[in-house]
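In what follows, a structure is listed as structure tokens, so that the remarks can point back to it.
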Amino acid sequence: MASVLVLYAHPAPHKSRINRRLAAAAREVKGVTFRDLYELYPDFLIDVEEEQKLLKEHDVIVLQHPFYWYSAPSLVKEYLDLVLTYGWAYGEGGTALQGKIMLQAISAGGSEEVYCSQGRNRFTIRQLLAPFDQTAFLCGMRYLAPHIVYSANNLADAAGIQPLAQRYARLLAALRDETLPLELAASAEKINDLIPA
Ligand SMILES: Cc1cc2nc3c(=O)[nH]c(=O)nc-3n(C[C@H](O)[C@H](O)[C@H](O)COP(=O)(O)O)c2cc1C
């Protein structure tokens, strides 16, 4: 069994429709450590030692957040800037994260159709997440395809979102149970289709 750490980052959780339901589902999955970064660090004063300890203790790191300006909300960037230090996460002696798995669970306002070379956003979400992919690579982690909820603002409330939250919970359980086909999960555009029914 793998230990799974979900780092949840939503700057306006009270306004969230999608992520708060996915977060609630994630909290219920046995063996998953759930951390709400904006709740823990509303002033951006991240406890680097504590976060490094938690990263070290887990095998799978999930960054869960809405897609903001083709990237993550700013606390995620601050987290990576402060926590992934030279000599710890990368560089000489920086081996703390080697062999771990990292992926993102994203919700996007845009539809799947607009995220392609012919579409309005020109790139796929996986392509736009290249800096995260490369960050994981530099730290010796295996980066898997993201879990994506497209058209996030058009989904009907509970009825439309609840099945997605349940599917996300199944993804976390499969990561915990190490039942996902990792080769496929690493090369796919999105991990959604690999989640067991
Ligand atoms: C500041 C900001 C930036 C956003 N940037 C993007 C974006 O680049 N691409 C996109 O598809 N949606 C974008 N959106 C829409 C959000 O991704 C969408 O509202 C969110 O995923 C819905 O999830 P929630 O209900 O948990 O808030 C943005 C929203 C905000 C507020």
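The values are calculated or read from the model by the stated rules, or taken from the named source; none is laboratory data. Just so it is clear, the model here is predicted, and its values are computed rather than measured. Ideal geometry is used to build each Cβ from the backbone, glycine not excepted, and the neighbour counts take in all protein chains shown. SASA here: full protein model, heavy atoms, side chains in, ligands and nucleic acids out. Shrake-Rupley method; radii C 1.70, N 1.55, O 1.52, S 1.80 Å.
Each residue in region 150-182 was checked for being among the acidic types (D, E) and either modelled with pLDDT under 95 or over 17 Å from I195 (Cβ atoms) (or both), and 1 pass. Scanning region 25-42 for residues that are more than 21 Å from W69 (Cβ to Cβ), at pLDDT 95 or above and open to solvent by 10 Å² or more (accessible area, probe 1.4 Å) turns up A25, R27, E28, V29, K30, V32, T33, F34, R35, D36, E39, L40.
Every test in (1) closer than 26 Å to D157 by Cβ; (2) surrounded by fewer than 16 Cβ atoms within 10 Å (Cβ to Cβ) is passed by G110 save one, and that test is (2). Please tell me if Q166 is away from the ligand (no atom under 12 Å from the Cβ), surrounded by fewer than 16 Cβ atoms within 10 Å (Cβ to Cβ) and without any contact (Cβ under 8 Å) to a residue 24 or more places away in the chain. No. Can you tell me which residues in region 1-49 are part of a loop (DSSP other than H, G, I, E, B), without any contact (Cβ under 8 Å) to a residue 12 or more places away in the chain and within 15 Å of the ligand (Cβ to nearest atom)? The answer is A12, and nothing else.
I'm checking my understanding of the structure. Among residues of region 13-24 that are open to solvent by 20 Å² or more (accessible area, probe 1.4 Å) and not basic (K, R), which one is nearest to E57 (Cα to Cα)?
Among them, the one singled out is A24.
Picking from residues in region 53-85 that are touching a helix residue (DSSP H, G or I) at 6+ places or on another chain (Cβ under 6 Å) and farther than 21 Å from I148 by Cβ, the one that is surrounded by the fewest Cβ atoms within 10 Å (Cβ to Cβ) is L82.
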